[in-house]
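Encoded as structure tokens, the structure appears first; notes follow it.
No value in this document is a laboratory result; all are computed from the given coordinates. It should be emphasised that the depicted structure is a prediction, and the values quoted were computed from it without experimental measurement. Here the Cβ positions follow ideal geometry from the backbone for every residue, glycine too, while neighbour counts run over all protein chains shown.
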Amino acid sequence: MKTLGMIGGLGPESTIDYYRRIVALYRERMGDGSYPQFIINSINLKKGLDFIDANNFAGLAEYLLNEIGKLDQAGATFGLISANTPHIVFDEVAAKSPIPLISIVEATCAAAKARQLKRLALFGTRYTMQATFYPNVFSRKAIELLVPDATDQVYIHDKYFNELLSGTFLPETRAGLLAIIDRMTAKDSIDGVVLAGTELPLILGDSEYNGIPFLDTTEIHCSAAVTEMLA
């Protein structure tokens, strides 16, 4: 069996969610009562964000490569980064990684295509909503991504860093996020929402809202990882 190596800590709440989901998915697919063995390297979220804030993407890529190297040394045969924002340098990291990596963006795009979704809202950190790494992948499959307006982007980013990353999930914040979906449904005719922040499924726990499906990037990524573990 292949050994998964996971870069975690980006942030801690979603790393716990990844762990639980991978264990549950593995046990469900195996059906024999066994548990998966995999490796987690929980790294410094602040250090990663400092690189992004300084527009030092080469530094971020080097940092992630160094930490992935530790997973390789520990015996991982493939890996993943359990967060969306660091995928801003995924192509550079994957090209130099000592082990194959599963992209959360590619996996989510495949899920959107399988569901025949064509016009999706993109929710995540400011870095993710304003970068091109999601649209670049989705456009290859003729899937359009739309981001919230500037005010709503500020709201999502603020709630992400000041609440969600620290494990604070407030009903009024959930209501605020759903209100943005309502506005984008009316204005942009979206047919789905990409929860492109791995803390977002922790506050928007449903599979859909008013008939608009959520693409839970954590669930999609974990499913792809377990599939590879068992390949």
Distant-in-sequence amide H partners of ILE40 (H built 1.01 Å from N, under 5 Å): MET6
Rounded FRET efficiency, nearest 0.05, which uses the C-beta distance separating GLU228 from THR132 and R0 of 22 Å: 0.25
Using alpha-carbon coordinates, inclination of helix 217-229 to the longest axis of the chain, degrees: 20 degrees
From phi via Karplus (6.51, -1.76, 1.60), per-residue ³J(HN,Hα) for the range 37-48 in Hz, x at Gly/Pro: 10, 8, 10, 10, 10, 8, 9, 7, 4, 4, 4, x
In Hz, Karplus ³J(HN,Hα) per residue of the range 9-20 (6.51, -1.76, 1.60; θ = phi - 60°; x = Gly, Pro): x, 10, x, x, 4, 6, 5, 4, 5, 4, 4, 4
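Using 0.36 nm per residue, how much length does the chain from ALA142 to GLU172 gain when fully extended, once their Cα-Cα distance is taken away?
On the way: separation 30, 0.36 × 30 = 10.80 nm, distance 3.48 nm.
Length gained between ALA142 and GLU172: 7.3 nm.
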Long-range HN-HN contacts of THR198 with modeled amide H, under 5 Å: ASN84
Per-residue ³J(HN,Hα) for the range 60-77, Karplus 6.51 cos²θ - 1.76 cosθ + 1.60, θ = phi - 60°, Hz, x for Gly and Pro: 4, 4, 5, 4, 5, 4, 4, 6, 5, x, 5, 5, 4, 5, 7, x, 5, 9
Distance between the range 8-44 and the range 163-216 - C-alpha centres, whole angstrom: 23 Å
Flagged links, alpha-carbon separation over 27 Å, of LYS2/LYS70; LYS47/LYS118; LYS46/LYS113; LYS47/LYS70; LYS2/LYS96; LYS2/LYS46: LYS47/LYS118; LYS46/LYS113; LYS2/LYS46
Amide H within-cut-off set for LEU101, under 5 Å, with H built and near neighbours excluded: GLY79
Ascending count of other beta-carbon atoms within 10 Å, so fewest first, for TYR127, TYR63, TYR18: TYR127, TYR63, TYR18
